[in-house]
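The values are calculated or read from the model by the stated rules, or taken from the named source; none is laboratory data. Only a predicted model underlies this, so the values are computations on that prediction, with no experimental measurement involved. Neighbour counts run over all protein chains shown; Cβ positions are idealised from the backbone, glycine included.
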Amino acid sequence: MILFSESVPPKDSMGEIMRTLFRSTGVAAATAAVLMTATGTATAAPVGWSMPGGQGSTYGTANFYNRSVGISGRVESHWSGCVQAVFQTDPGNAFETRTACNNHTTTFGFTIPTDFPGGANKVFVTLAKINQNGTLEWLGARTLNRP
């Protein structure tokens with residue numbers, strides 16, 4: 001019965017074999033090994049939304065990443081008061097708001113962190129009118145699903 005073959009090195013020498021391999025193949029092999037073990041940022045195709053309305057509107061794009069969602073777009077006030085767009089991730093329930101007032105447009109670009117593997121599956125976009133007494137009046141909503 002053969003316990004060891006000359007072609008299979010003893011376990012102790014594996015470290016030496018790896019050092020020799022990296023020395024002999026150079027920086028390119030070491031770089032490739034590091035890149036293969038790095039965690040990449042997975043992205044999906046951008047998802048757009050459009051919510052035109054009488055008192056306010058919002059338009060934009062969501063980019064889903066591995067641990068965050070990038071949001072860019074605009075919110076528009078079509079009256080003398082304010083409208084607010086709310087962006088909430090699911091899962092994770094992280095959120096951001098953007099507001100436009102007095103017949104003006106607010107452009108935005110921000111990232112919502114979703115610090116868990118895979119990131120958010122969807123983003124809820126809600127548009128609301130802010131009444132003079134501070135209460136909110138719902139104007140519309142969209143669900144943006146990760147592709």
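For region 92-138, name all the residues that are within 15 Å of Gly70 (Cβ to Cβ) and either in contact with a helix residue (DSSP H, G or I) (Cβ under 8 Å, 6 or more places away or on another chain) or not in a strand (DSSP E or B) (or both).
Once the filter is applied, which keeps residues that are within 15 Å of Gly70 (Cβ to Cβ) and either in contact with a helix residue (DSSP H, G or I) (Cβ under 8 Å, 6 or more places away or on another chain) or not in a strand (DSSP E or B) (or both), region 92-138 yields Gly92, Ala94, Thr114, Asp115, Gly119, Ala120.
Go through Gly73, Gly119, Gly109 for me and flag whichever is at pLDDT 95 or above and either buried (at least 19 other Cβ atoms within 10 Å of the Cβ) or under 21 Å from Gly134 (Cα atoms) (or both).
One residue alone meets the criteria, Gly73.
Out of the residues in region 41-70 meeting the condition of being in a strand (DSSP E or B), polar (S, T, N, Q) and touching a Phe, Trp or Tyr at 6+ places or on another chain (Cβ under 9 Å), tell me which one is surrounded by the most Cβ atoms within 10 Å (Cβ to Cβ).
The extreme case among them is Thr58.
Kindly evaluate Val8 against the criterion of being over 30 Å from Asn133 (Cβ atoms), modelled with pLDDT under 70, β-branched (Val, Ile, Thr) and in a loop (DSSP other than H, G, I, E, B).
So Val8 passes the test.
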